[in-house]
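Here the structure comes first, spelled out in C-alpha cells, and everything after it is commentary.
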Amino acid sequence: MARAPATQEIEVPPEIDRLEGFPHPRETAVLFGHGAAEQEFASALSSGRMHHAWLLSGAPGIGKATLAYKTAMAALAASEERDAFALSLSVNPASIAVRQVRALSHPGLLVIRRSYNLKDKRFSQSISVDEVRRLRSFLGHRGGDGAWRVVIVDSADELNVNAANALLKSLEEPPERTLFLLVTSEPGRLLATIRSRCRTLDLKRLVAADLEQAARQALVAAGRKMPQGDAASVLTRLADGSVRRFLSLEASGGLALYQEIYALLAALPEVNWSKIHVLADTLSGNAADVRFALFFELLMELVARLIRVGATGQGEAEDTRLAQRLAAADRLATLAEVWETVAREKAETVALNLDRKTLILRTVSRLEAATR
C-alpha cells in the first residue's frame, strides 16, 4: 500500500496589505516622518488617557499601518520591554510582544481586513460582516490585569455596510482597555457615526528626505539597492510622499516606463508610430495587467500636471518647460478634454475587456491632434 507523504506543504495565503517582495508594515523597523503622531500615542499610553478609538487617516502608503502596528506593539508589550512613553513607541525588537505581533499570534491583537479565498485565489471585494463578527469572541476574552486588547482595521473604508454596522456596535460600547485603530485613505466613505466615535489623526505625505529614508529601509530589507542620483529624485517626485508608491514604481520598472512616456510627450506633435506600436504590444498582453495600468496612471498624472502648470504657471522646472510648449493657454481646454476622454475610455476598456492596444494607439493619436 502506498504511504502518504510524511509532510504536506501548507499554502500560506497572501496579505492584501503587503506589497509583494517587501516587508509588511508590522515588520518595519523605523517609522519615518510621523514623529508627532508617534509621540501623541506614546503620551496617551504613558498618561493612561488613551482614547478607545482612533481613525488614522491619510494618503495611501505613507505609514498609517506602520504606526498602527507600532502602537499595538507598545500597548501589548510588558513594561520592561518598552522605553518610557514620553516621546516614542519604541519597544525592544526581541521582545515577546514584537515577535508575536509580527507573527499575528498575539492573543491581545485582532486584525480585520479583506480575506483571501484559497479556492478562488483572490481577495474578497470588501471586508465582510463575518470578519467583524470575530470581534465578539475576541472582546469576550479577558486578558491579564491591566492588559490591553488592540483591534486594527485596515482598511476601514473597505468595510461593507453590514460590517460597518457590526463594528459600530463595538465602538459604541467598548470594553475597558480596548484600543481600536482604524486605518483609512478615504475617511469620507466611513459611516458618520463611526467617525464621530473616533479621534481622527491625519497623517501627512512624507517630505522627500523622510520618504527616501523610508524607501531605503524597505529596499535594504528586501535585498534591493536604493536608486541613486536622478533616478532617486524622479522616483521621489513621482511617489508624491508615498513610500508604497516609491517601492511599487521601483520594483515594477516604473521609472523606465515614465521616461518612455515623458519622451513621447516631449516629442509631440511628432510621433514615432513604429515605436508606439512596439510599446503598445508590450502593454496589451495577457500578463501585462500591472504595466498597462501603470502606463495610464503615469501618463494621466503627467498630462494633469502639465494642464495644472499651464493654468497656474507653477510647477517643477522640467514640467514647466514641457507645459510651455504643449499646454499653452489656447490648448488647455482641448488637453483637458482629451484627459477626460482617455480616462473614460480606459475605464470602459477595462470594464468591458476591450482591446488594449487599440486604446493605447487611440490615446496617442488624441494627444498628437491636441498638440498640433
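The values are calculated or read from the model by the stated rules, or taken from the named source; none is laboratory data. Here the structure is a predicted model, which means the values were calculated and not measured. Don't worry about glycine lacking a Cβ; one is built from the backbone with ideal geometry, like all the others, and counts go over all protein chains shown. In case anyone asks, the SASA skips ligands and DNA or RNA and just uses the protein heavy atoms, side chains included. Shrake-Rupley method; radii C 1.70, N 1.55, O 1.52, S 1.80 Å.
Which of the residues that make up the range 269-289 are not polar (S, T, N, Q) and not in a helix (DSSP H, G or I)?
Those that are not polar (S, T, N, Q) and not in a helix (DSSP H, G or I): PRO269, GLU270, VAL271, GLY285, ALA287, ALA288.
Residue by residue through the range 214-258, note down the ones that are in a helix (DSSP H, G or I) and without any contact (Cβ under 8 Å) to a residue 12 or more places away in the chain.
ARG216, VAL220, GLY229, ASP230, SER233, ALA256
Those residues that are polar (S, T, N, Q) and either open to solvent by 20 Å² or more (accessible area, probe 1.4 Å) or assigned to a loop (DSSP other than H, G, I, E, B) (or both), I need them from the range 171-207; list them, please.
SER185, THR193, SER196, THR200
Kindly evaluate ASP210 against the criterion of being of a type in the set (Asp, Glu), open to solvent by less than 60 Å² (accessible area, probe 1.4 Å) and either over 30 Å from ARG49 (Cβ atoms) or touching a residue at least 12 places away in the same chain (Cβ under 8 Å) (or both).
yes
Looking at LEU298, is it within 28 Å of GLU250 (Cβ to Cβ), surrounded by 19 or more Cβ atoms within 10 Å (Cβ to Cβ) and in contact (Cβ under 8 Å) with a residue 60 or more places away in the chain?
In short, yes.
Among the residues of the range 37-44, is there at least one that is more than 13 Å from the chain's Cα centre (by Cα), free of Cβ contacts under 8 Å to residues at least 40 places away in the same chain, surrounded by 16 or more Cβ atoms within 10 Å (Cβ to Cβ) and farther than 22 Å from ALA103 by Cα?
Yes; the residues of the range 37-44 include at least one that is more than 13 Å from the chain's Cα centre (by Cα), free of Cβ contacts under 8 Å to residues at least 40 places away in the same chain, surrounded by 16 or more Cβ atoms within 10 Å (Cβ to Cβ) and farther than 22 Å from ALA103 by Cα.
Yes or no: the range 278-288 includes at least one residue that is out of contact with any Phe, Trp or Tyr (no Cβ under 6 Å at 6 or more places or on another chain), open to solvent by 20 Å² or more (accessible area, probe 1.4 Å) and closer than 17 Å to ALA347 by Cβ.
yes
Considering only the range 316-360, state which residues are more than 21 Å from HIS277 (Cα to Cα), loosely packed, with under 14 Cβ neighbours inside 10 Å and in contact (Cβ under 8 Å) with a residue 60 or more places away in the chain.
Answer for the range 316-360, where residues must be more than 21 Å from HIS277 (Cα to Cα), loosely packed, with under 14 Cβ neighbours inside 10 Å and in contact (Cβ under 8 Å) with a residue 60 or more places away in the chain: just GLU316.
Go through the range 327-365 and give me each residue that's in contact with a helix residue (DSSP H, G or I) (Cβ under 7 Å, 6 or more places away or on another chain), within 14 Å of ALA267 (Cα to Cα) and either basic (Lys, Arg) or at pLDDT 95 or above (or both).
Listed by number, the list holds a single entry, VAL364.
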